[in-house]
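Chemist: Provided herewith is a single structure, encoded as structure tokens, for subsequent inquiry.
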Amino acid sequence: MTGFKLVLAFIGRRPLTWAFHALTLALGVAVITALLLLSEGLSRRFDRDLAHIDLVVGAKGSPLQLILSTVFALDNATGNIPLQTAEAVEHHPLVKFAVPVSLGDNYQGYRILGTWPSYGELYGAELAQGRWWPANTPMETVIGSEVARKFHMHLGQVFAGWHGLTMGGELHADTPYTVVGILKPTGAIIDRLVLTDISSVWKVHEHEAVKEEGLTPDEASAHRQVTAVLIKYKSTLGAIILPNMVKAMPDIQAAVPAMETARLVTLLGTGADVLRGFGLGLLGLSALGFFVALFAAVNQRHRELALLRALGARPGRLFALVAGEGLLLGLIGGLAGVALGRGAAMIAAAASSDTGGPALAVPAFGAAELTIVAAAVLLGFLASILPGLMAYRVNPAQTLQTG
């Protein structure tokens, strides 16, 4: 009988025991794998959504909230800033590219973003169908690929938005939008947005101001606002001068996306560290379980191991049989754990986009997961060393005589 068949025979005698220990190992590997995949997917998501935006200028409040709301579409805005203030920042000589954004409504939970067609340049967006709206043309929309796919939207479709950034607000039935363009997928936040001219947002909400606050149309127009301005610097000098210039202005702030994203990753990392520690604890527990089970198995097989020695098997072969059990169980647990972890990551990634959230793309199987499987195999081998040495030192004469 070959060594591999012997190993399978040994495992087959106690299938439930070995299945339990392999499952424990698999769960630890799954936790670590899922965290790794989600962290990498989130990092790639952030990189795509930032789109080299150097600065965001918006209303005073939490800088992180400003970035989350205007760049990642994940939070409520900190407020609005006057259009005149936004234009003053946009026209600064150190600004290479600036585009205003205005939030306030949603369609089926996906943000309606008032902006300019140049917003698409941030993400290299291309039209799959239709066209962009002409400048200052309200109530025409270009739909992100994910929104179009999920709701089966088409050119010419007319729809109304809901007030607020989540479903449940007032339906703006008297100011409907018309779809004039649908974008190709980019893998970035723009896929999950409904884009429209910034004048559309003013039109919808100026109507409310006239109706609810008693302002005249001229007064409402004079108080036009935007949520924020997304800026790219012309040179590194902009990083020094522009934030300080904005800081000196009343009621507005400048937030650096790269810095706030780093803060967010740190905040998320605290919870991830706890889960990672839990996964490592399961790995340690599984290694201990392997060791105890292999130790007990070698004790029970003393006579069989001694018989193998008497039939000519060398001590190294006995060690290899025990080590083979550990290696095989480590491989099974590692592969099963990676499969479970990848499945959990894919479910979490799919769930994240159900309501317009930060859809994550789970990375393809790669070197990181191979390393995790190799680590699980190594763990199984390490757990088998002492039991393997016990098998190596079996004295056939003494064991068979006393057996």
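The values are calculated or read from the model by the stated rules, or taken from the named source; none is laboratory data. Being a predicted model, the structure only gives us computed values, none of them experimental. Every residue, glycine as well, gets a Cβ built from its backbone with ideal geometry; the counts of neighbours run over all protein chains shown. Side chains included, ligands, DNA and RNA excluded: accessible areas come from the protein's heavy atoms. Shrake-Rupley method; radii C 1.70, N 1.55, O 1.52, S 1.80 Å.
Chemist: ³J(HN,Hα) across the range 166-183 via Karplus (A = 6.51, B = -1.76, C = 1.60, θ = phi - 60°), whole Hz, x for Gly/Pro?
Modeler: Going residue by residue, I get 9, 5, x, x, 5, 7, 7, 5, 7, 10, x, 9, 10, 6, 10, x, 10, 8 Hz, with x marking Gly and Pro.
Chemist: Can I ask one more? Ignoring ligands, DNA and RNA, how do 131, 111 rank by accessible area with a 1.4 Å probe, largest first?
Modeler: 131, 111
Chemist: Under 24 Å Cα to Cα from residue 203, which lysines show up? Leave out anything in the same chain fewer than 8 places away.
Modeler: 211
Chemist: Mind checking Rg over Rh on the range 1-133, alpha carbons, Kirkwood formula for Rh?
Modeler: 1.32
Chemist: Continuing with the same structure: When only the heavy atoms of the protein chains count and the probe is 1.4 Å, how do 118, 69 rank by accessible area, highest first? Don't skip to the answer; put the middle values down first.
Modeler: On the way: 118 30, 69 5 Å².
The most accessible residue leads, giving 118, 69.
Chemist: Counting only residues 5 or more places away or on other chains, whose amide H sits under 5 Å from the amide H of residue 140 once H atoms are built in the peptide plane?
Modeler: When sequence neighbours closer than 5 places are left aside, the close amide H contacts are 178, 197.
Chemist: Something else about it: Using the basic label-point model (7 angstrom from Cα toward the beta carbon), what is the residue 347 to residue 235 distance in nanometres?
Modeler: 5.5 nm
Chemist: Right, another one. Using a 10 Å cut-off on Cβ atoms, rank the peptides 15-21, 180-186 from the highest mean neighbour count down.
Modeler: Highest to lowest by the protection proxy: 180-186, 15-21.
Chemist: Could you tell me what a quarter of the Cα convex hull surface of the range 81-150 works out to, in nm² with one decimal place? Mind showing how you got there, number by number?
Modeler: Values: hull surface 23.4 nm².
For the range 81-150, averaging the hull's shadow over all directions gives 5.9 nm².
Chemist: I need to check one value: relative contact order of the range 64-141, counting alpha carbon pairs closer than 8 Å and at least 6 residues apart, in percent.
Modeler: 16 percent
Chemist: Among all the lysines, which ones have a C-alpha under 24 Å from residue 234's C-alpha, if same-chain residues fewer than 8 places away are not counted?
Modeler: Cα-Cα hits under 24 Å: 96, 247.
Chemist: Using a 1.4 angstrom probe on heavy atoms only, work out the carbon and sulfur share of the accessible area of the range 78-209 in %. Could you put the intermediate results ahead of the total?
Modeler: On the way: 2840 of 5140 Å².
Using a 1.4 Å probe with all protein chains present, the range 78-209 comes out at 55 percent carbon and sulfur.
Chemist: Protein chains only, probe 1.4 Å: how do 159, 295 rank by accessible area, largest first? The partial results should precede the final answer.
Modeler: Details: 159 15, 295 85 Å².
The ordering from most to least exposed comes out as 295, 159.
Chemist: Using only protein heavy atoms and a 1.4 Å probe, report how much of residue 233 is accessible, in Å² to the nearest 10.
Modeler: Roll a 1.4 Å probe over it and residue 233 shows about 40 Å².
Chemist: For residue 228, which sequence-distant residues (separation of 5 or more, or a different chain) have an amide H within less than 5 Å of its own amide H, given hydrogens modelled in the peptide plane?
Modeler: 101
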